[in-house]
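What follows is calculated from the coordinates using simple rules that are stated; it is not laboratory data. A quick note: this is a predicted structure, and the numbers were derived from the prediction, not measured. Neighbour counts are summed over all protein chains in view; Cβ atoms, including those assigned to glycine, are modelled from backbone coordinates with ideal geometry.
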Amino acid sequence: MARESEIDVNNFILVTGIVSFIPPIMYLGRYPYIDGLKYTPPVGNLGCGVLWRAYYAERDARNRDLGLKGELLVLEFEKARLYTIGLKGLAELVRHVSVQEGNGAGYDILSFDDLGRKKYIEVKATRGGLSTDCFISPNELAFAKSKGAQFSIYRVYDFKVDTTSASFSVLIGDPLETFKAITTGYRSTAK
């Protein structure tokens, strides 16, 4: 973990211990600009080294869009899989939970296995390769542990957004049994 004094603030965001690379920005006058968006410095002493840029919101929006496209791809795959194996009635019951109920459920898609049992799917999509890191929330981990083998992560990778094609790998059960988990952030509140 780099110390704050070692960070070139022109190329990084430091948010409560998380260090992420961002592209260099231009300085026009007193405050930096990114694609014409003005940077607003934090007001007051937040006590946690927070440096935000307009780029963060743009990157977050792109990641959410990619995630939704990955979920839609898996949703259609699951419906087609069930239909192909003769479970047409169950194919019609596959639900996009994260869209219909919001992101708090701990999974994105409710489907069914080959025997008709519920299957809870969390989708993690990336344009990168299979070994690209992904984030798993504490809620998703708790839900995965509670559902055991009924829970799966569909790791959608090499996603080609223009052709809506990708590869995917399926992890069944507790993600901590397969993945190495690294703490990447903390929630901070004013004292």
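Computed from the C-alpha gyration tensor, the three semi-axes of the ellipsoid equivalent to region 57-104 are 27, 12, 4 Å, from longest to shortest.
Note that region 129-191 shows a convex hull volume over its alpha carbon atoms of 121 Å³ per residue.
In this Cβ point-charge picture (+1 for Lys and Arg, -1 for Asp and Glu), region 79-191 has a dipole of about 140 debye about its Cα centre. In plain terms, the chain from residue 117 to residue 181 could stretch by 20.2 nm, reckoned as 0.36 nm per residue minus the Cα-Cα distance. When you count the other C-beta atoms within 10 angstrom of each residue and take the mean per peptide, 88-98, 170-180, 105-115 line up highest first as 105-115, 88-98, 170-180. A straight line joining the Cα centroids of region 81-112 and region 126-152 runs 17 Å. Building the convex hull from the alpha-carbon atoms of region 83-168 and averaging its projection over directions returns 6.5 nm². Close amide H contacts of residue 119 (hydrogens built in the peptide plane, cut-off under 5 Å, sequence separation of 5 or more or a different chain): 111, 112, 113.
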